[in-house]
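**Q** Below is a structure I'd like to ask you about.
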Amino acid sequence: MKKQLYLILTFLSTIYAFGQRYTSEVFSNYSVTSDVVYGTNLSVLTGSPVSESLVMDVYEPQGDTETARPVILIAHDGEYLPEQTNALTYGNYRDSAVVEICAQFARRGFVVVAYEYRLGWNPSASTQDTRLGTYLNAFYRGVQDGFTVVRYLRMNAATQGNTYKIDPNKIVSGGMGTGSEISTAMAFLDKYAEINLPKFINPSTVTSYIDTSLSGDFYGTLTRPLNLSNHATYNSDIQMAFNLGGSVLDSTWIEAGDVPVVSLGVPNDPYSPHDFGAIICQVNGDFMLNVSGSKGIQRRQYMLGNNAPFASVTFTDPYTVQSNTLNNGLEGLYPFKRPTPESAPWMWWDLTTWNIAHPAGGTYNDYGMLTNPDMSKSKALLYIDTVVNYLSPRIVCGLGLAECSGAAVSEQEQERIQFYPNPVEDLLHVTLPHSTITEIVVVNMGGEVVSGRIELQGDHAILDLSHLNSAVYFVRVTSDQATYVEKIVIR
């Protein structure tokens, strides 16, 4: 059936400078320096502490001449256990989603670090105290390793010629799933009292599950029986953080003056709460502890004014418009609405590789698809596209980079682009005089790309939208000079 398309005349439109670094992909490719050793520490994965080298992959834009670039760290998901042991189809710093996010940020001009951190705890211990205690200590070691990466980068910049051409004062800590527990702790955990709250006290010993006499400080700068100091004379501070499908272990860790944080998550994630609630372990189904998820983080950040560097900016891109219909006014929060309980829709894996027996029955593919039912690379890429496009301008503004801008398109520029006829039957025409249209993308309110067949003819394009249902959409038009975003309605 033919549909009619009407333009909403009261929308806001956004124009970005063509090829603006950090907010768009200005580099066609990237390079990876693999297995860079950033420290040495003690692993308990096999029981007794064993020294191991900690490594990271560094992603950089190819052909870049900039010598002081912001850095984004990515801590992977995986329940603090290796693949298969964690009952999941992912769990390392080269997971498909990690690599894709790193690549997209690198093509925007960032230096991106995907790092390995120490794994290991005992999900099959006979008591809940032991299970929770070993889990929290695995988390703590991950936080120490994240800070070690920060200090390594600053050490390298100061004494080894700044190999990766970074700005050591512009470091963002990011994470996915349990890796987000690491990234948010790096933003908020800064007092010993915070790991001595009642929820972290072992009722059997009436002491913290995290024994700092064994593990040292949260920065990892003290050598102790379960920790080796690395690059201890360098600063561990980060300037911003983000969390993708994770949480902060206690909201009281968030205090006035903490760094800006962006949070993206799935409200009906069965394992990690969107607001306040329980972490449920994917390995054994245990209740671990109550935490604050993405919404809880952003609500407290808003109350304390910590997100002002980007919350004070008016973003009118389609990703922001979509998030603002779902986040109750909490700038920096992107809730991914899914029709059924789902975890990490940005993840994907190779079905052939994981067509192996799962300890819970069936195959690993079967288990993974219980909470990612329509898993595919194409689906994951749509979510990652939204993640990166939502994060990029907020990172730019959160770090105070010169590229920070939320300005609306001028009336003169608005008049240049034309959509017609109005109403339209099936075919939408787009004309942008004196420019070459290079791409047109149609995005639904769920953030998914739903473009129809497009015929490009220089400054004119024709879109066949006959397959789309009646709804609100965004049309993003990229030319050789700028990018325009328009809100449309198909009836």
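**Q** Would you mind ranking TYR22, TYR90 by Cβ crowding within 10 Å, fewest neighbours first? List each step's numbers first, then the result.
**A** Working: TYR22 20, TYR90 23.
Ordered by Cβ neighbours within 10 Å, fewest first: TYR22, TYR90.
**Q** Would you calculate the volume per residue, in Å³, of the smallest convex hull containing every Cα atom of the chain?
**A** Cα convex hull per residue, to the nearest whole number: 148 Å³.
**Q** First measure r as the distance between the Cβ atoms of ARG224 and HIS460, then evaluate 1/(1 + (r/R0)^6) with R0 = 45 Å and state the FRET efficiency to the nearest 0.05.
**A** After rounding, the FRET efficiency stands at 0.10.
**Q** Also: With charges only on Cβ, +1 for K and R and -1 for D and E, what is the dipole size of the chain about its Cα centre, in debye, rounded to 20?
**A** That gives the chain a dipole magnitude of about 440 debye.
**Q** Here's a follow-up. If r is the Cβ-Cβ distance from PHE276 to ALA125 and R0 is 25 Å, what FRET efficiency results, to the nearest 0.05?
**A** Computed FRET efficiency for PHE276 and ALA125: 0.40.
**Q** Mind checking the angle between helix 96-107 and the chain's longest principal axis? C-alpha axes, 0 to 90 degrees, to the nearest 10.
**A** For 96-107 against the chain, the angle is about 60 degrees.
**Q** On a 0 to 90° scale, report how tilted helix 178-188 is relative to the longest principal axis of the chain, with both axes built from alpha carbons and the result rounded to the nearest 10.
**A** 80 degrees
**Q** For GLY220, what charge total do you get from the other residues with a beta carbon under 15 Å from its beta carbon, if Lys and Arg give +1 and Asp and Glu give -1?
**A** Here the count lands on -2.
**Q** What aspartates and glutamates does LYS191 reach when the alpha-carbon gap must be under 20 Å and sequence neighbours fewer than 8 apart in one chain are set aside?
**A** Answer for LYS191, where 20 Å is the Cα cut-off: ASP145, GLU181, ASP211, ASP217, ASP237, ASP250, GLU255, ASP258, listed by chain and number.
**Q** Rg/Rh for the range 18-57: what does it come to with C-alpha atoms and Rh from Kirkwood?
**A** With Rg and the Kirkwood Rh in hand, the quotient comes to 1.34.
**Q** Cysteines of the chain lacking any other cysteine beta carbon under 4.7 Å?
**A** CYS102, CYS281, each lacking another Cys Cβ under 4.7 Å.
**Q** A follow-up question, please. If you place +1 on the Cβ of every Lys and Arg and -1 on the Cβ of every Asp and Glu, how big does the dipole about the Cα centre of the range 80-182 come out, in debye to the nearest 20?
**A** Dipole magnitude for the range 80-182 comes out near 380 debye.
**Q** Can you sort SER180, SER405, SER126 from fewest to most other Cβ atoms within 10 Å of each residue's own Cβ?
**A** The most exposed by this proxy come first: SER126, SER405, SER180.
**Q** Farthest toward the dipole's positive end in the range 21-398, which of PRO168, VAL44, PRO309, given Cβ charges of +1 (Lys, Arg) and -1 (Asp, Glu) about the Cα centre?
**A** Ranked along the dipole, the leading option is PRO309.
**Q** Same structure again: Name the aspartates and glutamates eligible as straight-distance cross-link partners of LYS379: C-alpha to C-alpha under 15 Å, and not fewer than 8 places from it in the same chain.
**A** Those aspartates and glutamates meeting the cut-off are GLU100, GLU342, ASP350, GLU448.
**Q** On to the next question. Along the charge dipole of the range 124-189, Cβ charges K/R +1 and D/E -1, which of PHE188, VAL150, THR127 sits furthest on the positive end?
**A** After comparing all options, I get VAL150.
**Q** Answer with one residue from GLY361, PHE218, GLY458: the one whose Cα lies farthest towards the positive end of the charge dipole of the chain, charges on Cβ with Lys, Arg +1 and Asp, Glu -1.
**A** Result: PHE218, furthest along the dipole toward the positive end.
**Q** What full-extension length gain, to one decimal in nm, is calculated for LYS337 and ILE201 as 0.36 nm per residue of separation minus the Cα-Cα distance?
**A** Computed gain between LYS337 and ILE201 is 45.4 nm.
**Q** Which angle from 0 to 90°, rounded to the nearest 10, does the C-alpha axis of helix 128-159 make with the longest principal axis of the chain?
**A** On a 0 to 90 degree scale, this one is about 70.
Just so you know, all these numbers are worked out from the coordinates, no wet-lab data involved. Computed from a prediction, not measured in an experiment: that's the story for all the values here. Heads up, the Cβs are rebuilt from the backbone with ideal geometry, glycines too, and the neighbour counts pull from every protein chain shown.
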